1. Suppose R0 equals 30 Å; then what is the FRET efficiency for E136 and T14 from their Cβ-Cβ distance, rounded to the nearest 0.05?
2. Based on the Cα gyration tensor of the stretch 97-181, what are the three equivalent ellipsoid semi-axes, each the root of five times an eigenvalue, rounded to whole Å and given largest first?
3. Which FRET efficiency value, to the nearest 0.05, is calculated for Q123 and F149 with the Förster distance at 22 angstrom and r the Cβ-Cβ distance?
4. Using only alpha carbon pairs under 8 Å that are at least six residues apart, calculate the relative contact order of the chain and give it in whole percent.
5. Once you put a point 7 Å from the Cα of R78 and another 7 Å from the Cα of F26, both along the Cβ direction, what distance in nm separates them?
6. Taking Rg/Rh (Cα atoms, Kirkwood Rh) straight from the coordinates, which label in (1) 1.10; (2) 1.05; (3) 0.96 is the correct one?
7. Please report the projected area of the stretch 4-86's Cα convex hull averaged over all directions, in nm².
8. Under the Karplus relation 6.51 cos²θ - 1.76 cosθ + 1.60, θ = phi - 60°, what is the ordered set of whole-Hz ³J(HN,Hα) values for the stretch 64-78, x standing for Gly and Pro?
Amino acid sequence: MESKTDLAILGMLTVEPMSGYDMKQFCEQSLAHFWHESFGNLYPRLKRLANNGLIKGNRVPSERGPDAILYSLTTRGRTRLQTWLLEPPEAEHVRSEFMLKFFFGAHAPADVIDQMLLEYEQQQTRIRQHYKIIEETLRSADDEREESFFWLLSLRRGQLLTAARLRWCRECRTKFANHKNKEPLND
């Protein structure tokens, strides 16, 4: 049974032939803001995709150590990717430990919630700065490939979500400060 990880691998190989290490780097640099993968099972998946004829591997000398295997899509793999792209996506499922803790924040000390909000805002600010660097890199690459258009639009989604999170954070910090300072109820 193929997984979304298998399909993500097929998608990555539309960019260029890659080794497992290259895929890990690509995912961390380009996909990690909206798609997280555990790469502990990457190499077994690559082997299975190759055995199923969806990708093929070619051994090439590597500067980083032992010879690398560069994987590329086969016609069958490209067809499978295109079939998957025509299928409707599953609904997004968000798992945020930050939001889970914040939701139950009434049971935590106020200074912990203050710090949590401050750190979250700082994290989102760093992400916004990182997105700016990515955008500058993509725009300066003078890349005529069709992928660049979709990469920039995907990046824009991340930029807008980050801006919304920062706005929410500033609003929460203001409201929380007012909430902390209100007088306790008299008995």
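Laboratory data are not the source of any read-out in this text; all were calculated from the coordinates shown. Here the structure is a predicted model, which means the values were calculated and not measured. Don't worry about glycine lacking a Cβ; one is built from the backbone with ideal geometry, like all the others, and counts go over all protein chains shown.
1. Numbers: r = 24 Å, r/R0 = 0.79.
The formula returns an efficiency of 0.80 here.
2. Details: eigenvalues 247, 24, 18 Å².
Over the Cα atoms of the stretch 97-181, the semi-axes work out to 35, 11, 10 Å.
3. Numbers: r = 29 Å, r/R0 = 1.30.
That pair, Q123 with F149, gives E of 0.15.
4. Working: 115 pairs, mean separation 33.9, N = 187.
That works out to 18 percent.
5. 1.5
6. Read-out from the structure maps to (1).
7. Working: hull surface 22.0 nm².
Seen from a random direction, the Cα hull of the stretch 4-86 projects 5.5 nm² on average.
8. Residue by residue, the stretch 64-78 yields 8, x, x, 3, 9, 10, 8, 9, 9, 6, 9, 4, 5, x, 5 Hz.
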